[in-house]
Amino acid sequence: MERRSDANDIVDLLIIGGGINGCGIARDAAGRGMSVLLAEMNDLASATSSSSTKLFHGGLRYLEYFEFRLVREALIEREVLLSAMPHISWPMRFVLPYHEDMRFEGATPTSKLLNTFMPWMKGRRPAWLIRLGLFLYDNLGGRKILPGTATLKLSGSVEGDPLQDRFAKAYEYSDCWIEDSRLVVLNARDAVNRGADIRTRTRVTAATQTDGIWSIEMVDEASGETSTVQARMVVNAGGPWVGNILRQTIHSNTREDVRLVRGSHIVTRKLYEHDKCYFLQGTDGRIIFTIPYERDFTLIGTTDSDHPDPATHPVCTDEEKQYLIDFASQYLKTPVTQDDIIWSYSGVRPLYDDGASSATAATRDYTLKVEKISGAPLLNIFGGKITTYRRLAESALEAIGEFFPDLPDPWTAGVALPGGDFAVGDFDKLVAKLKTDFPFLSDRWAWRLVRAYGTDAWNILAGAASAEDLGQDFGATLSEREVDWLIKTEFAKSAEDVVWRRNKLGLRLDASQIQHLNQWMMDYVA
Ligand SMILES: Cc1cc2nc3c(=O)[nH]c(=O)nc-3n(C[C@H](O)[C@H](O)[C@H](O)COP(=O)(O)OP(=O)(O)OC[C@H]3O[C@@H](n4cnc5c(N)ncnc54)[C@H](O)[C@@H]3O)c2cc1C
């Protein structure tokens, strides 16, 4: 298909927002030959898409809300995505300890049914129901790579060791890990490779229409310069800001909106030695995960609280920290304390406002709404999961196709993201090969590079015979060569972009090292 940008510089799609949904749509659309400009007011993945629990998952708990469409789509999608990015995604096992005290959230359709037919259960979640849920989880959607459910006897087992003795039995099932912010950046890179124009630190401030064409005003946040671009269609992928963009930037009359639900996580010292996660059920009907994180830490989350507005920066409050500590300590032999917390983060889910009573009950499914304003088409994205971003992009392109009738067919299923062109089982082989080709790398360093960059690790290290050949050492194995790559190919502009979103070396570098890196990057850009 011919590229549509022309002498008048009218792009086909102007996408507002460089989170996973904006970048996923940009990649898909650029790959179908559309001219695409994506504007992100901050760094890529600077909002919700770097603050998730980082799971490609079907969402076991959504079965209790009868969200079968979402769960099935997400379950099938897990393995499609895993195969396309085996560097930044990998299988994980989840251990679900069973105890009869565990209770439903009162509002789920399942708990209402059970209260009607088995009132003597008094809100308890019976073991047979968990088994039924796991049976569905195993069988609803195309599981080929991931192992199925197993029952575990906890006493005397590695999995039972960190848990209190009152937990005798557990179920174990599979989902996948995903490096969320790297997923966004790799989608953006791939979009650029296919012709898209991705502009970070670029805020969309106004959108008007003339004769069915959009005029979009943007501000470069660094220089303050304003520019105007014309577009045939606008995609509003502003995540938590979707409603604000609709009302204040686009001046649409639609009544659709997002419900903002904050979720917080804490990162603690490593709480146990094995590599499995725990799926913990609370006595309040909620669930949390404890997940082995960055080799030396444990990630615990999440919470669910209504959040006032997108302008209020989400932080993990002291109350949320205490909630997560208390929750995990109901299970672990050695209680978690405030002193164990090394870092915390918080994000806002931009859920479609379906009028649900509680934040936990609001739907996690996505909703796409097309409208025309003075003849100019607009697509608004509400809700969604990291796990369903590629399918959401396909649905978005289907909606966009109404205005661009000759669009090629969907193409992204199974197509590797940059660096992901190797088999799911070959990760360890790749690490060994990198170490052979660059013998100065330590095991951990090689592992980190392959996890982040996959086969692109060879492009970053090309020609280096020693660590000195990689230039300045910023600490924790971060070299000048790597930072240079991140600036030139991964849109990094500050130390924060590098140490919290391109990698998580912020957990290992101290404040003065991060400040030094930032100064180096400022000088580099100048
Ligand atoms: C606590 C928590 C845990 C989660 N866990 C999981 C999980 O384990 N698995 C899963 O599949 N999903 C999970 N999710 C859901 C998932 O993270 C989100 O659905 C997804 O990240 C939303 O992406 P987005 O692109 O819509 O929004 P965002 O990532 O927020 O992107 C929107 C972007 O728009 C930009 N923007 C806004 N206004 C403008 C403007 N005027 N001009 C330019 N740019 C603008 C913002 O800066 C932002 O970067 C979780 C979410 C949360 C909060």
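The values are calculated or read from the model by the stated rules, or taken from the named source; none is laboratory data. The structure presented is a predicted model; accordingly, all values stated were derived computationally and were not measured. As a convention, Cβ positions derive from the backbone with ideal geometry for all residues, glycine included, and neighbour counts pool all protein chains shown. Areas reflect the complete protein model, heavy atoms only, side chains present, ligands, DNA and RNA absent. Shrake-Rupley method; radii C 1.70, N 1.55, O 1.52, S 1.80 Å.
Worth pointing out:
- Sulfur and carbon atoms: percent of accessible area, region 382-507 [1.4 Å]: 52 percent
- Distant-in-sequence amide H partners of Thr302 (H built 1.01 Å from N, under 5 Å): Phe289
- Ordering Thr477, Ala464, Tyr524 by Cα displacement along the dipole of region 446-526 toward the positive end leaves Thr477 in first place; charges were set at the Cβ atoms of Lys, Arg (+1) and Asp, Glu (-1).
- In the chain, helices alone account for a calculated mean residue ellipticity at 222 nm of -8500 deg cm²/dmol, with every DSSP H run of four or more residues adding -39,500 (n - 2.57).
- Loop-exposed GluC sites (Glu not before Pro) per DSSP, neighbour cap 10 Cβ within 10 angstrom, longest uninterrupted part of the chain: 274-526
- Each 20 Å bin from 0 upward holds the following percent of the Cα-Cα pairs of the chain: 21, 55, 22, 1.
- Whole-Hz couplings from phi, Karplus 6.51/-1.76/1.60, listed for region 150-155; x for Gly and Pro: 9, 9, 10, 8, 7, 5
- Size of charge dipole - the chain - debye, nearest 20, with Cβ of Lys, Arg +1 and Asp, Glu -1, no other charges: 1460 debye
- Considering all C-alpha pairs of region 297-428, those separated by over 27 Å amount to 48%.
- Taking every protein chain into account, the accessible area of the chain amounts to 40 square angstrom per residue (probe 1.4 Å).
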